[in-house]
Amino acid sequence: MPASGKIPVPYRILALMHERERLFAYPTGELAKKIMMTGFRCARCGVCCTRKRNDHVFLLDRDVRDVMKIDPAALEPAPGPEFCDGEGTLYVSGYAVRVKEDREGSCWFLKDRQCSIYDRRFSVCRTYPHTLRWARDASGNPSWALFSRPGLHGFLHQDLADEECIELARGVKEYENALITHQIEFLESVHDYFSEHHLMHDGTRLRHETRRYLQGEEVMIRVFSFGDWAHYRIRKGSPSSGMACL
């Protein structure tokens, strides 16, 4: 089955598996040293909790469970569906935290520029802006990206304890591994689902249905989570409690 772009799904899965192998091979101690050299401390400014810095907060399945306990209305399908079948149903890899309709596009849990669930914040929020991703740099050369948007966050070159750096390095690797694994499972599942139901990805329909969704029209969408699919009718901006589950 072709991907939503030009790379077939099996090749995307293989590339992600190789990326995960590189992640495993990266020494935790080396990452901890890089974290110590950066010396980042959060300023609690709340800027990274808005669309000014980040498009959305993708949720691992364990985070979805937490959101359902805290406030189900904060849950919405992640933006950017990758696939669409011939009937116009969109397919997305998981859920994201709902964003408010204010000027900044604030996280649902941001109150007075402070995280209202800081002690229960989600996986990526605990490691951001630290990361460990194999990507191409500004020159097009593949290399490790270790810090998101340098110079746009908090305080740098602060004193960090060895134990703190090691713990954070382990958290970064664990999160990146979980994210890659989720993407692999999503691609495997959508490939199997399309094959089983004799469906084909329709790139033109994907663009059409995505545009309809962004314009506030109701669309059909399948969300991959907990190894299975949830099927909804949904309009942009509607809370999870208002999504019609089919």
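If I ask for residues that are within 15 Å of the chain's Cα centre (by Cα) and not charged (D, E, K, R), which ones from region 28-66 would you list?
Across region 28-66, the qualifying residues are Cys48, Cys49, Thr50, Asn54, His56, Val57, Phe58, Leu59, Leu60, Val64.
Exactly one condition in (1) exposed (fewer than 11 other Cβ atoms within 10 Å of the Cβ); (2) assigned to a loop (DSSP other than H, G, I, E, B); (3) modelled with pLDDT of 90 or more is not met by Leu160; state its number.
(1)
Just name the residue that is nearest to the chain's Cα centre (by Cα) out of those in region 189-207 that are loosely packed, with under 14 Cβ neighbours inside 10 Å and not small (Gly, Ala, Ser).
Applying the filter and picking the extreme gives Arg207.
How about region 96-105: which of its residues are crowded, with 19+ Cβ neighbours inside 10 Å and touching a Lys or Arg at 6+ places or on another chain (Cβ under 7 Å)?
Val99
Any residue at all in region 124-140 that's crowded, with 17+ Cβ neighbours inside 10 Å and under 27 Å from Tyr193 (Cβ atoms)?
Scanning region 124-140 turns up at least one residue that is crowded, with 17+ Cβ neighbours inside 10 Å and under 27 Å from Tyr193 (Cβ atoms).
For region 174-190, check the following and say yes or no: at least one residue is over 12 Å from Leu90 (Cβ atoms) and free of Cβ contacts under 8 Å to residues at least 12 places away in the same chain.
Looking for residues that are over 12 Å from Leu90 (Cβ atoms) and free of Cβ contacts under 8 Å to residues at least 12 places away in the same chain, one finds at least one in region 174-190, hence yes.
His153 - would you say it is touching a Pro at 6+ places or on another chain (Cβ under 6 Å) and modelled with pLDDT under 95?
yes
For residues in region 201-240 being part of a helix (DSSP H, G or I) and closer than 16 Å to Glu101 by Cβ, which is modelled with the lowest pLDDT?
It comes out as Ser240.
If I filter region 141-150 for residues that are within 17 Å of Ile35 (Cβ to Cβ) and touching a helix residue (DSSP H, G or I) at 6+ places or on another chain (Cβ under 8 Å), do I get at least one hit?
yes
Hey, can you tell me all the residues within region 103-140 that are free of Cβ contacts under 8 Å to residues at least 24 places away in the same chain and outside any helix (DSSP H, G or I)?
Correct list: Arg103, Lys111, Asp112, Ser116, Arg121, Ala135, Arg136, Asp137, Ala138, Ser139, Gly140.
In contact with a strand residue (DSSP E or B) (Cβ under 9 Å, 6 or more places away or on another chain) and under 25 Å from Gln183 (Cβ atoms), is that true of Pro79?
Judged against the criteria, Pro79 is a match.
Could you tell me whether region 83-95 includes any residue that is out of contact with any helix residue (DSSP H, G or I) (no Cβ under 7 Å at 6 or more places or on another chain), closer than 23 Å to Leu132 by Cβ and either in a loop (DSSP other than H, G, I, E, B) or modelled with pLDDT of 95 or more (or both)?
No, region 83-95 has no match at all.
So which residues in region 80-95 are small (Gly, Ala, Ser) and surrounded by fewer than 20 Cβ atoms within 10 Å (Cβ to Cβ), if there are any at all?
Gly80, Gly86, Gly88
Among what's in region 58-76 and is touching a Phe, Trp or Tyr at 6+ places or on another chain (Cβ under 6 Å) and under 20 Å from Ile180 (Cβ atoms), pick the residue that is surrounded by the fewest Cβ atoms within 10 Å (Cβ to Cβ).
Within region 58-76, the match that is surrounded by the fewest Cβ atoms within 10 Å (Cβ to Cβ) is Asp61.
Considering only residues that are more than 23 Å from Phe58 (Cβ to Cβ) and free of Cβ contacts under 8 Å to residues at least 40 places away in the same chain, look in region 163-173 and name the one that is surrounded by the fewest Cβ atoms within 10 Å (Cβ to Cβ).
If we take residues in region 163-173 being more than 23 Å from Phe58 (Cβ to Cβ) and free of Cβ contacts under 8 Å to residues at least 40 places away in the same chain, then Glu163 is surrounded by the fewest Cβ atoms within 10 Å (Cβ to Cβ).
The values are calculated or read from the model by the stated rules, or taken from the named source; none is laboratory data. Treat the numbers as computed from the prediction; the structure is a model and nothing was measured. Every residue, glycine among them, receives a Cβ derived from its backbone with ideal geometry; neighbour counts consider all protein chains shown.
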